[in-house]
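Below is one structure, written out as structure tokens; the observations come after it.
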Amino acid sequence: MSMVQLLQTNAQAAPAKPRPRVRLLPYLLSLPALLVCVAILVPFVTAAVYSLQRYRLNLPYLRGFIGAGNYIDFLSDPAFWNTFRISITYTAVTVVLELLLGLGIALLLRRPTRFHNAVSIMLLLPLMTAPAIAALMWKLMTNPSFGILSYLVGLFGVTDFKWASDPSSALFTVVLVDVWVYTPFIMILLLAGLRSLPRQPFEAAALDGVPASFVFFRITLPMLAPYIITASLFRLLDSIQQFDIIYAMTQGGPGDRLMVFQVQAYLEFFQYTNVGRSAALLMILWLITNILSNIFIKNWLQLRARAHGHA
Amino acid sequence: MEHSSLAGRIFRGVALTLILIFFMFPIVWIFLMSFQTNEQILRIPPRILFEPTFANYEALISGQLRTAAGNLQISFMRNLFNSVVLSSAAVLLALLLGVPAAYAFARFKFRLGESIAFTLLSFRFAPPLLVLLPLSLYYQELGLNDTYFGIVWVYQLIALPLILWIVRGYFEDISPDIEHAYRLAGHSWREAFTRIAVPLAGPGIAAAGLLSFIFCWNNFVFALILASADKQPVTVGALAFVTASGIQYGQIAAAIVLSVTPTLLLALYAQRYLVEGLSLGAVKG
């Protein structure tokens, strides 16, 4: 908030007839939002408490406080490390692919011609498709008996490719769906960033005959960096929590091949009714996302201040 | 900067074509599939030209799905109706709660305000199951499980941060001077809010509302956990559909088309605001 606004806020509270209502006003206005906050924080604290308990829905009489027991169990549990490894792999692969592809597309569409704008609007459609539904679309397309993609890879001599139902290609398949849905997200943010960059450095470089690769690595990329960081962190935070696509596609299978954090936690809760373990798993995920989101919010606030002219 | 060489132009043309094919093909293909009979879908090689049938849509609308094992009653229209009710109610509630709060956060500097704004923001990025699983136990005790109200309430997790942060940006962009002049003319605070601030921030409020609607509509995990069959929206309903055995593929495709059409149309309509909405107001399009 700018100095001017601050002064005016004070001026508002100070006039001749001091009315306490004005001071109360902001609190009254934000009361409902506060209520929602509380409604979020209560279950959150509850989850933190559950994570310190032995708590199974099917064995209620065994319920009790076990300190860090659930967490310590994870350390020697191969299933946990499998979940950890797969979540990290999934996140790293999707974010890197989407970033490269999204940046490439944004660069291709950089000039605001009518055709480029039309293309960028069309690319919004996958992003606006519900991820769970997108997974179903790809499931239909990769069906071994009639799926068009199975047919197409068959033309190239790859017969019997099982996509999501084979452990060796399951990760590839869900990554493909994630890339299809979320690349446009990176693209649209970077495109807006690219188009908002000042023109002068590029004009000067063109006048001096600077080679294109130098312009890209020394001017475009550094100026675009805040946008790239914000877009990647957005994706990183969502991707490490991916649930919809994986659950709709394979429910974490085949076997435990796609057991990412949230899918594993969901199954711990509903299939094994182990509330304590499920909560501990989610708390670990929360810790990871919380570190990331603190970095994210810092960067995002700077971009936001710039976008709204308070920089 | 511009590659005007022939090789450069050819490269760009080929790249853009491949990109368009990759991102558009699934939508086009499923759309075509929804007008095909099972025999047409199972035909190898697949054909792009075929005699379209509306039977899949008719079956979905009547709720009578013909399968190999006889008639199956699945009310997908009910899911569609649930999606409309849940998403609209959630956005309406979020606007009622969020717009005044956004105004307060933009106009008054107060500690609690920032805390609320940032708590909501940070929970936008927390694992949803972390809140949902304990909440489902609370809901069972409170009798809120499987009620429209209970689901609409958790949808605030999606809609409220979005509305709060986008609309706040719009309010901050409006100079407070206009409201001050209006206040000095003897109007109350409430009049300044409803007659000056809200109309000026109108486009932002509309954009935030449309976007939250899309995100609520597309949500899957909340209703998966909190709703049973008769309250489920299309995202969960469509999945149940696929796992029910013997359903014709064309009918699944038609259900997908019906599920995504509303959001895709809204997205096209609101595309001007999407950049700002997707970045919670950090990037302007």
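The values are calculated or read from the model by the stated rules, or taken from the named source; none is laboratory data. Computed from a prediction, not measured in an experiment: that's the story for all the values here. Using ideal geometry, Cβ is built from the backbone for each residue, glycine included, and neighbour counts are taken over all protein chains shown.
Identify, by number, the condition in (1) among the hydrophobic types (A, V, I, L, M, F, W, C); (2) in a helix (DSSP H, G or I); (3) in contact with a helix residue (DSSP H, G or I) (Cβ under 8 Å, 6 or more places away or on another chain); (4) within 19 Å of A:THR83 (Cβ to Cβ) that A:LEU267 doesn't meet.
Status for A:LEU267: all satisfied but (3).
Can you tell which of A:LYS162, A:LYS139 is more than 29 Å from A:ILE105 (Cα to Cα) and either buried (at least 23 other Cβ atoms within 10 Å of the Cβ) or modelled with pLDDT of 85 or more (or both)?
A:LYS162
Being more than 7 Å from chain A (Cβ to nearest Cβ), in contact with a Leu (Cβ under 9 Å, 6 or more places away or on another chain) and free of Cβ contacts under 8 Å to residues at least 60 places away in the same chain narrows it down to one residue among B:ALA117, B:ALA126; which is it?
Checking each option against the conditions leaves just B:ALA117.
Output the helices (runs of 4 or more DSSP H) that fall wholly within segment B:1-79 and possess 3 or more residues being within 30 Å of A:VAL215 (Cβ to Cβ), or say none.
Helices (runs of 4 or more DSSP H) meeting the threshold: B:6-33.
Which is at the interface with chain B (Cβ under 8 Å from one of its Cβ atoms), touching a residue at least 12 places away in the same chain (Cβ under 8 Å) and either more than 30 Å from B:GLN40 (Cα to Cα) or not in a helix (DSSP H, G or I) (or both), of A:PHE146, A:PHE185?
A:PHE185
Can you say whether B:GLY237 is buried (at least 22 other Cβ atoms within 10 Å of the Cβ), in the same structural domain as B:PRO262 (by TED's automatic domain parsing) and out of contact with any Ser or Thr (no Cβ under 6 Å at 6 or more places or on another chain), as far as the supplied structure shows?
Judged against the criteria, B:GLY237 is a match.
Might you check whether a residue that is in contact with a Phe, Trp or Tyr (Cβ under 8 Å, 6 or more places away or on another chain) and either over 22 Å from B:ILE256 (Cα atoms) or among the hydroxyl-bearing types (Ser, Thr, Tyr) (or both) occurs anywhere in segment B:70-79?
Scanning segment B:70-79 turns up no residue that is in contact with a Phe, Trp or Tyr (Cβ under 8 Å, 6 or more places away or on another chain) and either over 22 Å from B:ILE256 (Cα atoms) or among the hydroxyl-bearing types (Ser, Thr, Tyr) (or both).
I'm checking my understanding of the structure. Among residues of segment B:201-234 that are without any contact (Cβ under 8 Å) to a residue 24 or more places away in the chain and within 12 Å of chain A (Cβ to nearest Cβ), which one is surrounded by the most Cβ atoms within 10 Å (Cβ to Cβ)?
Step by step, filter segment B:201-234, then rank; the result is B:PHE220.
Evaluate segment B:33-48: report whether one residue or more is loosely packed, with under 15 Cβ neighbours inside 10 Å, facing another protein chain (nearest Cβ under 7 Å) and more than 22 Å from A:ILE133 (Cα to Cα).
yes
Quick check on segment A:198-221: of everything there that is under 19 Å from A:ALA307 (Cα atoms) and loosely packed, with under 11 Cβ neighbours inside 10 Å, which residue is nearest to the chain's Cα centre (by Cα)?
A:PRO198
Just for segment A:225-235: of the residues that are facing another protein chain (nearest Cβ under 10 Å) and surrounded by 22 or more Cβ atoms within 10 Å (Cβ to Cβ), which one is nearest to A:GLY102 (Cα to Cα)?
Residue satisfying both the conditions and the ranking: A:ALA231.
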